[in-house]
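For reference, the structure discussed in these notes is given below.
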Amino acid sequence: MVDSSHKRQRIINCVAQLPYKIQLGDTNDEWKIIPATGSSSLYSSIEYLNSEEKSKDYEQHVLGWTGEIARESMPSRVLNSRNRDKDENGEKGKTDLHAEDEREKEEDPLYLTGGQIDGITKDLRKHGKDSDHYNVDNVHPVWLLRRDQKRWRGFAENVLWPTFHYILKFSSDSGERENLSWYDYVRFNEAYAMKIGEIYEKGDIIWIHDYYLLLLPQLLRMKFNDQDLTIAYFHHSPWPSNEYFRVLPRRKQILDGLMGADRVSFQNEGFARHFVSSCKRLLDSTSRTSKNKLGMVQYEISAYGGDIVVDSLPIGINRVKLLGDAFTKNIDQKVLAIKDAFQGKKIIVGRDRLDSVRGVIQKLRAFETLLSMYPEWRDQVVLIQVSVPSMKGGTGQLIRLEQQVNELVTSINTQYGSLNFSPVHHYYMRIPKDVYLSLLRVADLCVIASVRDGTNTTALEYVTVKSHMSNYNCYGNPLILSEFSGTSTILKDAMIINPWDSVAVAKSINKALNLSREEKKTLEDKIWPQVPTIQEWTNQFLSTLDDIVDKAHSTTDRKVTPALNRPALLKHYREAKRRLFLFDYDGTLTPIVRDPAAAIPSARLISILQKLASDPCNQIWIISGRDQAFLNKWLGTRLPQLGLSAEHGCFYKDVDNEDWVNLTEKFDMSWQEKVGNTMEEFTRKTPGSFIEKKKVALTWHYRRADPELGEFYASELKKELDKLCTDYDLDVMEGKANIEVRPKFVNKGEIVKRLVWHHHGRRQDMLNTKREELAISEMPDFTLCLGDDFTDEDMFGQLNSIEAVWNKQYSDEVNQWGGFGFYPCTVGSASKKTVAKAHLTDPQQVLDTLGLLVGDVSLFQSAGTVDLDSRGHVKHSDSSIRSEQASARYAMKRQHSYKN
């Protein structure tokens, strides 16, 4: 019994799929719930947290997708439509929506009423307490009902999974299919965020599992905006080196998704190291190493104002339950039956999913080499290979792989078998658990030849079963394990092999089969204690997470800057009437380049700015460190509707005006000669550096210099300039590979203040520093400010200050979101400190964000807080309304057909 007076820690465990499968009957009012297969270790951990022992301290809520729902009468009817709807809040192609309506008339679209969904949910929770199912209480299903249900797996399994396993795949359709699958991947994660929002309570631990949910941590940071939010992520698959990971087109968005977590864990230290490397190279984050209380190496990544702990903790198995299940009278009978079938022969066992990374081909080739090299084993050894069909079955690659396996099995049996004996028994099927356990017990040797995997639970289960004494002299029979399996870092005393070297593997098999009983026992005594248990894994993960969270929450200056919530931004944009856009140029609207003169605006940028400027509600200002000539040439002459500010606020040109105004004309400029001479001296010392002389500011650039030399002399130059500028009212500003000197009284923040405290849409007079007396309804009600540099912090700080003033002055006039529409957003490096409220990773995301506002980009191009219905449509959208209408028609049609 749980002590009701004891405050239990709530855990929301987010899994890619609940441990059940739902089968509908002939009507939607009938259904059957059966246990799902796979992810046995993860489900065992969930079950352990629900045990009497752990439920005293933890209240667990399990949240996951229902998986594909089939008809009991037609189990194969997990329908996969080639056509995809594309037009929903920003996506293209309205004709496809009508095509979908037509398809939904033709086939069973799996429409369920709210009552039916509630009924299935109640049954899922009830089944969680049944002895034949996983003991999972407090189940919260994520409903995404579509005919083509496999769409929700598409990006994860066809793009992420191959890359994580070092398989490069190239799209033949210009990426269109990948784009659509990415939109579904975003929706999938958004559906989880929405569901978590329904049950989350302050203080909950949110524990997220595996690559289907890589965007979810950052989504939750956007949604809750709670600095004390606790999010942990465990990656069950391998994580590739940066050389492979960086081929993903959306690599930064994926990494950025995980930057929302407090902790990111992997199966081994190598995977964790790869992840940290990708974060440093792609997000420009920083890291340091330390050890946790278990003595294990961990990394601390500093990103967007927070510290993310990255570590490794290999998952385990439920040893007690496994041994209890494996040694029963029923299993004993099956063991004897298998021994009788292969009397006098050594039995090698393998069970692998049949895909390109499990090494079934390599194992068969090594076995063929064994029979060729060691003729004495012919007719004396049998390989029983169980190849479990992949969840991604039916693809051309898997069909070819199955053909290869069958051809190889036939070749071996033809060459080395006889009418009475086949050396290879290959079973392409998912075998019952009792048969699997009997194979583990009867095996003289288990061979795992994976060419890449995270943790191989078959290896752990085999070693565990062989640790138990029985009547069949099977104790300690050896394990051959691939060095490319993550488990090789756990079972370090197994017989480690390179599966690509058939000769070496054949020699290892021969050696293993010739081990004496004493040698087997010695090997088992070493390897058995290395098998982690699921109980240890769960307890260690949660205890070390407590330490991480306590340390993070005790840090006084911790301020995590979440990603910009673009769907929320779009909603506010559409509601606003007086919109102000404030953009830096270099590193924000265009990427940073080695030659500043080469940073010209792209055609896409010009197109988006034109569309934004064409809306009379919008006023757009480019506030840059560039000089007047550059801004005029590339933006002013092409888009006169833009307001321009040059040299960090020293000059400005109003909207639809050709004249520039110098805000520093009365300032003493004699300082330029002394500063220029100092910069000249350092230019001579630093090959590749140069001075940019603007009308007011002087900038020393070292982008083209040797990086280390440039950084050294930049530091020395700043020291000299700081001394020199004490006699003048000057700022020495450090930018990206540059140092700029300019008058203190003009900066980007001052320009922003004057633009915001101004009657929206009227001419600017910035020489008049007196603040206007204005009503809130006369000033901007939506302000998006984007910048990447240290100098842009002046803009962000100014907006925050204005908001603080408005909160007091106009406290009763806040908008429906509880604010005044200020969106200060930093762009680029994850390592820089910022006062901005949100971040974007690079100029590409800036263009995607602005493209979303003008209707050029899908709502699902980037993740954000979106309310979805049970079919994955945005609630109250045209698609959602059409779906509801089609559901009603479908229900009436079914009712009519039953009456007849």
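The values are calculated or read from the model by the stated rules, or taken from the named source; none is laboratory data. Since the model is a prediction, treat every value here as computed from it, not as a measurement. All Cβ positions, even for glycine, are placed from backbone atoms using ideal geometry, and neighbour counts span all protein chains on display. These accessible areas exclude ligands, DNA and RNA; they are computed on the full protein's heavy atoms, side chains included. Shrake-Rupley method; radii C 1.70, N 1.55, O 1.52, S 1.80 Å.
Quick notes
- Condition check for Ile620 on (1) in contact with an Asp or Glu (Cβ under 8 Å, 6 or more places away or on another chain); (2) β-branched (Val, Ile, Thr); (3) under 27 Å from Val814 (Cα atoms): one failure, at (1).
- Exactly one residue out of Ile431, Ile399 is touching a residue at least 12 places away in the same chain (Cβ under 8 Å) and closer than 30 Å to Arg151 by Cα: that is Ile431.
- Residue that is nearest to Ala613 (Cα to Cα) [pool: residues in the stretch 641-656 that are free of Cβ contacts under 8 Å to residues at least 60 places away in the same chain and buried (at least 22 other Cβ atoms within 10 Å of the Cβ)]: Leu642
- The listed residue being surrounded by 13 or more Cβ atoms within 10 Å (Cβ to Cβ), closer than 18 Å to Phe651 by Cα and either of a type in the set (A, V, I, L, M) or out of contact with any His (no Cβ under 8 Å at 6 or more places or on another chain) (or both), out of Leu755, Leu767: Leu755
- Residue count for the stretch 816-831 satisfying the condition of being free of Cβ contacts under 8 Å to residues at least 60 places away in the same chain and either at negative phi or assigned by the TED database to the domain that holds Ala737 (or both): 4.
- Single residue of the stretch 808-825 satisfying the filter (modelled with pLDDT under 95 and not in a loop (DSSP other than H, G, I, E, B)) that is most open to solvent (accessible area, probe 1.4 Å): Lys808
- Just one of the numbered conditions (1) in contact with a helix residue (DSSP H, G or I) (Cβ under 6 Å, 6 or more places away or on another chain); (2) open to solvent by 20 Å² or more (accessible area, probe 1.4 Å); (3) touching a residue at least 60 places away in the same chain (Cβ under 8 Å) is not true of Val732: (3).
- Helices (runs of 4 or more DSSP H) wholly inside the stretch 498-593 that include at least 3 residues being without any contact (Cβ under 8 Å) to a residue 24 or more places away in the chain and within 27 Å of Met296 (Cα to Cα): 534-554
- Exclusive hit being within 25 Å of Arg763 (Cβ to Cβ), buried (at least 17 other Cβ atoms within 10 Å of the Cβ) and in contact with a strand residue (DSSP E or B) (Cβ under 9 Å, 6 or more places away or on another chain), set Gly636, Gly587: Gly636
- Scope the stretch 771-807; condition outside any helix (DSSP H, G or I), open to solvent by less than 60 Å² (accessible area, probe 1.4 Å) and free of Cβ contacts under 8 Å to residues at least 24 places away in the same chain; matching residues: Leu774, Ala775
- Each residue in the stretch 826-878 was checked for being part of a helix (DSSP H, G or I), over 30 Å from Ala737 (Cβ atoms) and either touching a helix residue (DSSP H, G or I) at 6+ places or on another chain (Cβ under 7 Å) or open to solvent by less than 10 Å² (accessible area, probe 1.4 Å) (or both), and 3 pass.
- Test for Ser887: is it assigned by the TED database to the domain that holds Gln619 and either hydrophobic (A, V, I, L, M, F, W, C) or touching a residue at least 40 places away in the same chain (Cβ under 8 Å) (or both): no
- The residues of the stretch 686-719 that are open to solvent by 90 Å² or more (accessible area, probe 1.4 Å) and touching a residue at least 24 places away in the same chain (Cβ under 8 Å), listed by number, are Lys695, Arg704.
- Flag for Ser488 being touching a strand residue (DSSP E or B) at 6+ places or on another chain (Cβ under 6 Å) and without any contact (Cβ under 8 Å) to a residue 12 or more places away in the chain: yes
To keep it simple, each residue is scored yes or no on (1) in contact (Cβ under 8 Å) with a residue 60 or more places away in the chain; (2) part of a loop (DSSP other than H, G, I, E, B); (3) crowded, with 22+ Cβ neighbours inside 10 Å.
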{"residue": "Ser290", "(1), (2), (3)": "no, no, no"}
{"residue": "Gly295", "(1), (2), (3)": "no, yes, no"}
{"residue": "Ser302", "(1), (2), (3)": "yes, no, no"}
{"residue": "Ile308", "(1), (2), (3)": "no, no, yes"}
{"residue": "Asp311", "(1), (2), (3)": "yes, no, yes"}
{"residue": "Lys321", "(1), (2), (3)": "yes, no, no"}
{"residue": "Asp325", "(1), (2), (3)": "yes, no, no"}
{"residue": "Asn330", "(1), (2), (3)": "yes, no, no"}
{"residue": "Lys334", "(1), (2), (3)": "yes, no, no"}
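- Within the stretch 735-754, being modelled with pLDDT of 85 or more, at negative phi and in contact with a Phe, Trp or Tyr (Cβ under 6 Å, 6 or more places away or on another chain) holds for one residue alone: Ile739.
- Only one of the numbered conditions (1) under 26 Å from the mean Cα position of the chain (by Cα); (2) assigned by the TED database to the domain that holds Phe224 is violated by Glu536, and that is (1).
- Qualifying residue in the stretch 205-215 (condition: touching a Pro at 6+ places or on another chain (Cβ under 8 Å) and open to solvent by 30 Å² or more (accessible area, probe 1.4 Å)): no
- Among the residues of the stretch 499-512, those that are within 15 Å of Cys446 (Cα to Cα) and surrounded by fewer than 20 Cβ atoms within 10 Å (Cβ to Cβ) comprise Lys507, Asn510, Lys511.
- Residue, most open to solvent (accessible area, probe 1.4 Å), within the stretch 251-288, restricted to residues that are in contact (Cβ under 8 Å) with a residue 40 or more places away in the chain and hydroxyl-bearing (Ser, Thr, Tyr): Thr286
- Filter result (modelled with pLDDT under 95 and β-branched (Val, Ile, Thr)) within the stretch 594-631: Ile600
- Filtered residues of the stretch 295-320 (kept if of a type in the set (A, V, I, L, M, F, W, C) and modelled with pLDDT under 90): Met296, Val297
- Hits in the stretch 778-797 (condition: touching a helix residue (DSSP H, G or I) at 6+ places or on another chain (Cβ under 8 Å) and closer than 20 Å to His572 by Cβ): Met779, Pro780, Phe782, Thr783, Leu784, Cys785, Leu786, Gly787, Met795
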